[in-house]
1. Mind jotting down a quarter of the surface of the convex hull over the alpha carbons of segment B:13-151, in square nanometres, one decimal?
2. For segment A:6-64, what is the relative contact order in percent, using Cα pairs closer than 8 Å and at least 6 residues apart in sequence?
3. Normalising by the residue count of segment B:343-486, find the relative contact order in percent from Cα pairs under 8 Å and 6+ residues apart.
4. Project the alpha carbons of the protein assembly as shown onto their principal axes and report the range along each, largest first, in whole Å.
5. So what is the 222 nm mean residue ellipticity for chain B from helices alone, if each DSSP H run of at least 4 adds -39500 (n - 2.57) and you divide by all residues, rounding to the nearest 500 deg cm²/dmol?
6. Once Rh for segment B:246-290 is found with the Kirkwood sum over Cα pairs, what is the Stokes-Einstein diffusion coefficient at 10 °C and 1.306 mPa s, in µm²/s?
7. What ranking of B:521, A:49 emerges when the number of other C-beta atoms within 10 Å of each C-beta is taken as an exposure proxy, fewest first?
8. I need the peptides A:15-26, B:359-370 ranked by packing, meaning the mean over residues of other C-beta atoms within 10 angstrom, with the highest value on top.
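Every number here is computed from the coordinates shown, using simple stated rules; none is lab data. Note that this is a predicted model, so its numbers are computed, not measured. Here the Cβ is made from the backbone with ideal geometry for all residues, glycine too, and neighbour counts use every protein chain on show.
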């Protein structure tokens with residue numbers, strides 16, 4: 001297959017990660033986080049999504065050179 | 001009524017980014033879709049892990065998400081029987097024992113396997129009922145999505161319906177099954193990563209697992225059950241009256257664990273199609289086994305939120321489930337209500353996108369399966385037998401348009417006649433209940449004949465209808481719930497679920513016995529040569545000696561089963 005699905009997945013979650021982290025930083029300390037029990041959940045989860053997106057992008061690059069897993 | 005959710009700009013941005021990626025995948029795959037095999041079977045080129053996640057995701061429609069969370073609130077951890085007793089053993093069975101025949105026969109669909117193994121009429125019976133069912137389920141799913149968005153966000157029903165239909169249409173039209181499968185993998189990760197923070201926040205609010213169990217004890221005693229009825233999966237299954245499901249252990253293990261689950265996971269083309277698209281026999285056999293690993297963890301993602309919601313509601317926290325007009329809890333609002341309660345703008349967009357993703361993956365699963373069955377099993381075999389491949393590809397694309405329009409039509413029908421939908425789902429349940437008996441005998445008993453398979457199915461379906469007509473769940477009105485053949489009914493079940501399980505058990509047994517009996521009375525039309533690759537005793541075992549033991553389907557299957565047993569024991 002010409003398209004490695006890990007690349008678009010990595011890109012999409014990377015973008016989500018940037019959006020949530022950025023929004024979390026901009027709204028840090030805002031009363032909207034009373035809902036999430038005082039956690040800045042946007043910042044925390046944004047970082048998780050960034051990491052996940054990064055791993056997917058990295059896997060997509062590494063595996064492309066290697067043999068097809070069966 | 002729940003509080004409406006106000007979306008912020010950031011939430012819309014996330015939703016739009018998701019739509020762009022979904023459509024982009026379809027566009028990127030467009031050029032690779034040249035033959036009908038590319039369109040309907042991804043050119044049999046998909047690696048096992050992708051097929052596996054798609055296998056899982058295609059079944060993970062929003063009705064599953066909303067419904068399982070609702071059951072988590074209504075019945076507690078026992079809902080996980082649908083996974084740890086139901087899905088997992090069936091997924092192991094289809095991977096280890098049945099996939100060699102599905103994949104090895106080169107059948108392009110499940111009905112086509114029936115044609116190769118039995119005859120044309122058995123295939124057509126299965127193809128027509130399956131095709132109709134997929135259109136209706138995708139329509140009902142779209143209806144549910146549009147209704148939910150109307151309720152939560154105040155979006156126009158028609159707008160939500162047409163926009164979601166159009167997006168699914170575009171990406172399947174362009175890239176066929178590959179596009180659906182790739183998007184299902186994307187949707188799988190989105191569903192996991194969108195709902196995980198909800199479970200995290202919910203568990204923190206309820207006081208961790210111990211806090212949850214303590215609060216569920218209150219729920220159990222308030223409803224007249226022993227404490228623990230919501231937090232133990234087997235301990236209260238000794239009798240039907242001791243657990244909120246109203247089911248005893250035998251009906252659970254036999255009805256759900258054996259007949260219904262094996263019937264669904266082993267014969268439903270919607271999921272089997274994903275494995276058929278895998279690039280090799282080894283990959284096809286591993287597809288359901290790989291899917292089983294995340295599948296058995298899904299209760300923590302979608303059932304636990306329901307348990308948290310009901311626990312908090314009874315504890316008088318500031319989270320409470322809404323009530324229906326008749327005063328009962330509106331369990332279907334668990335997920336939407338929790339999204340609204342715990343998620344601030346930003347992550348709310350992610351959670352909502354995950355919900356949309358689950359609707360789309362379920363719908364795309366139905367549409368791609370419908371396409372294939374219509375084109376290969378109905379069009380090519382009855383309407384235009386000498387169709388060229390290019391023509392079939394064109395028919396497939398047109399069928400995508402037609403199938404989605406028909407689903408939209410069904411969604412509108414559902415707004416007008418809810419009873420018709422209930423009635424149709426009941427009929428499909430009757431048709432599906434005996435199906436596993438036919439496949440089991442077809443694959444493992446070479447004497448089973450075509451006439452026997454067909455009339456066995458018809459009799460099994462009739463037995464399901466008969467059982468339904470003669471019995472009634474306690475307290476239910478006569479009619480769509482049963483009891484329409486006899487007053488008072490022959491037997492009253494303690495719950496609708498118990499009645500469903502026993503309907504399936506009867507249908508399976510009647511089909512099984514009838515197929516054997518009729519096989520002895522009729523002549524086998526197929527020669528041994530015809531049956532090679534289709535029947536266990538006439539097929540060489542696939543050898544996978546070059547693989548490490550835990551990578552072979554048998555080894556992986558044993559590991560998966562051991563994990564499922566461990567989960568049953570831990571949450572006994």
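1. Values: hull surface 46.8 nm².
Mean orientational projected area (segment B:13-151, Cα hull): 11.7 nm².
2. On the way: 68 pairs, mean separation 32.6, N = 59.
For segment A:6-64, the relative contact order is 55 percent.
3. Numbers: 68 pairs, mean separation 20.2, N = 144.
After rounding, I find 14 percent.
4. Rounded to whole Å, the extents work out to 77, 64, 51 Å.
5. On the way: 23 runs with 373 residues, N = 572.
That calculation yields -21500 deg cm²/dmol at 222 nm.
6. On the way: Rh = 11.8 Å.
The calculation lands on 134 µm²/s.
7. Working: B:521 9, A:49 24.
The most exposed by this proxy come first: B:521, A:49.
8. Working: A:15-26: 19.6, B:359-370: 28.9.
In descending order of packing, they fall as B:359-370, A:15-26.
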